[in-house]
Every structure is written in C-alpha cells, then in structure tokens.
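What follows is a set of notes on a single structure, which appears directly below.
The values are calculated or read from the model by the stated rules, or taken from the named source; none is laboratory data. All of these numbers come straight from a predicted model, not from anything done at the bench. So basically every Cβ, Gly included, is an ideal-geometry build from the backbone, and we count neighbours across all protein chains shown. Areas reflect the complete protein model, heavy atoms only, side chains present, ligands, DNA and RNA absent. Shrake-Rupley method; radii C 1.70, N 1.55, O 1.52, S 1.80 Å.
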Amino acid sequence: MACLLLAGLAGCARHAVRTDTPPSNEGDASWHAVDQPDTVHYQLAMGEVSSGATTIQRVTPVYPAAQLAACPAVVEVTAKLIVDQAGKVTEVRPGNAASAQADLAPYLDATRAAALRWQFNPLQINHWAADANGESHVVDSRTEPFSRDYLFRFTCHAGKAQVSAGDKPASG
C-alpha cells in the first residue's frame, strides 16, 4: 500500500522547467559637461555680464540596437555641441580624436541624433554702465553662439535606464 501511495505521489510531482535563455540586453546613455583642454571661453569686457547658455530640453541618446547583442563594456564618446544664437544645437562634432574612431561611429551617430534635439537658453551678454547719477543700467545687449563639450556614456546591462547630466560654462 505504501508503495502505491508513493507511486501516486511521484506521478503528481512537478518537474521544474529550466530556461537557459539569458535576459535581454538593454542599454543606457547618460552625459555630463566636460571642459576639453582646447576650450576657448568668451572674454568679457569690463561691465559685461553673461547669462543663459543652460539646457532647457535634453533628449537621451538611444543605445545603438546593433551593438546590444555584443553588450560591450562602457563606451564613452565626447561630443562638442555647437549652439546658435537662438539656443538650438546646429551641429554635433566628435569632441576628441578617440570619439571619431570608426568603432565608435554608431555611438556618435546616436549622440548626434539626440543632441540635435536639445535646446538651450541663448547665451546673453549684457553691457552695463553707470549714468551721471551712479545708477547702473544695461546699455547694450546681444546673444552669441557658443559650444559646449559633453561626455556621453553608454552602458549595456539587463536593467533600467539611469540618466544624469551636468553643465559647465559656455565657450565661444
């Protein structure tokens, strides 16, 4: 009788199904502003004050789909964003020689596609002067184009995206 009961229970036992399918790879991109050694900044004259040149809209680069299967280690691309007087990114260039390498082209292309959709507050330069009564006021104002270097970091993993950003002073 005990044998029959064990045989009956064994027939009801479930076998664990094991899948050897690895999790799908997902990629992240994050960025932060950097100062390259060759960065040139606007030289303000006495009485001039600059403002603006801060981001108001950012678009995160899409991780290159063709690179996900290989899931490489962290990939970093430096890009110089050229911003016009209206605050629109008009051009994205490799920020250094390493970023222009052929194996980084898909990442630079992803960076370019996203960064061309970024929007900045225009770089405003105001010239202040004092009148005969010693009161300061703006006597001249202009907007200028500028550029800013960013380091874009692409990571591949089986998790959720985390994005970070930071800004540095505008350069001319």
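For the range 108-143, the tally of residues that are under 15 Å from the mean Cα position of the chain (by Cα) and part of a loop (DSSP other than H, G, I, E, B) stands at 3. Of the candidates ALA33, ALA53, the single residue that is hydrophobic (A, V, I, L, M, F, W, C), surrounded by 13 or more Cβ atoms within 10 Å (Cβ to Cβ) and at pLDDT 85 or above is ALA53.
Tell me, please, whether a residue that is assigned to a strand (DSSP E or B) and open to solvent by less than 50 Å² (accessible area, probe 1.4 Å) can be found in the range 98-107.
no
How about the range 127-148: which of its residues are in contact with a Ser or Thr (Cβ under 6 Å, 6 or more places away or on another chain) and either at pLDDT below 90 or acidic (Asp, Glu) (or both)? Matches in the range 127-148: TRP128, ALA130. Among residues of the range 112-134 that are among the β-branched types (Val, Ile, Thr), those with a beta-carbon under 8 Å from a residue that is surrounded by 15 or more Cβ atoms within 10 Å (Cβ to Cβ) and not in a strand (DSSP E or B) at least six positions away or on a different chain give the pairs ILE125/TYR42.
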